[in-house]
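First the structure, in the form of structure tokens, and then the observations on it.
None of the figures in this text is laboratory data; all of them are computed from the coordinates on show. Note that the structure is predicted; figures quoted are calculated from it, not measured. Quick reminder, even Gly has a Cβ in these numbers, built from the backbone with ideal geometry, and neighbours come from all protein chains shown.
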Amino acid sequence: MHAVNTEKEKQRVGEQATALIENDMLIGLGTGSTVYYFLRKLGEKVREGLQVMGVATSRQTQTLAESFGIPLVDFNAVNELDLTVDGADEANYQLQAIKGGGGALLSEKLVASRSKRVVWIMDATKLVRQLGNVALPVEVIPFGYAHTMGLLQKEGWEPVLRQDKGSIYTTDHGHYILDVPMNGIHDPHALSVWLHLLPGVVEHGLFLDFADTMYVADGDQVVVMHS
Ligand code: 5RP
């Protein structure tokens, strides 16, 4: 691996991913600091005449897309999206990812699930052999969240209630996030199913069978990986 200059790599990979966008596409717009560069470049192309519509996965992305002049459409008004481009907190060589560091996992998963193609963009520091070096975000409803934490604790996990400037962090959908340190995930599918069965859990950050392509920036190169 080359020397890491993460910001430059985010920019390179974000801008390069705009090459996937063709006229008349309906695009899922992910969330985060890597997606920022994708949106900025896409906005340039729209101003040059590229015709696309986007579905934003967060208020943050909505604001950015609007400021870059990317036309948006309500997710409820569309059937299927052509392509979603999104970041990831960590991904393995099977193109499975942990997402939700930016708190937008619920909308991101919904939009990815309605997309013909899903592409993760990231810098090479996020590529791992086994998922679980980063904490897994688990989105829970505020009502009884302490009990949902307790259910996780009973199974040996140590969930941390996400904070933002001294207050409980709240998602765009009014939920809380529990960040659960993992120390390596041996069976992501089993964990995904188990978490979905926990009372109070709305969604979790394991994105296992979504992406067909990953753009990974490593130094001056962008490595394209396919499932
Ligand atoms: C937001 C996400 C982001 O895609 C993920 O956190 C990566 O963000 P960044 O590109 O800023 O590292 O899942 O919910």
If Lys and Arg each add +1 and Asp and Glu each add -1, what is the summed charge of the other residues whose beta carbon sits under 12 Å from the beta carbon of Val224?
-2
Would you mind computing, in nm to one decimal, how far apart the modelled labels at Ile141 and Arg114 are, each placed 7 Å from Cα along Cα→Cβ?
2.2
Count of lysine pairs in the chain with Cα separation under 23 Å (8 or more residues apart, or interchain):
18
Counting each DSSP H run of 4 or more residues in the chain as -39500 (n - 2.57), what helix-only mean residue ellipticity at 222 nm follows after dividing by all residues, to the nearest 500 deg cm²/dmol?
-8500 deg cm²/dmol
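Shape of the range 1-111 from its Cα gyration tensor (a ≥ b ≥ c, root eigenvalues): rounded if a/c is under 1.5, otherwise prolate when a/b > b/c, or oblate?
It is oblate, given that a/c is not under 1.5 and a/b is not larger than b/c.
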Checked the range 152-216 against the a/c 1.5 cut and the a/b vs b/c comparison, axes a ≥ b ≥ c from its Cα gyration tensor; verdict oblate
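What's the local net charge at Lys45, with K and R +1, D and E -1, over the other residues with C-beta under 14 Å away?
Within the 14 Å Cβ shell, the charges total -2.
Given +1 on the Cβ of Lys and Arg, -1 on the Cβ of Asp and Glu, and no further charges, what dipole in debye does the range 11-164 carry about its Cα centre, rounded to the nearest 20?
I would put it at about 180 debye.
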Placing +1 on the Cβ of each Lys and Arg and -1 on the Cβ of each Asp and Glu in the chain, which of Thr170, His226, Gly102 has its Cα farthest towards the positive end of the resulting dipole?
Thr170
Take every DSSP beta bridge whose two residues both sit in the chain, then give the antiparallel share in percent to the nearest 5.
50
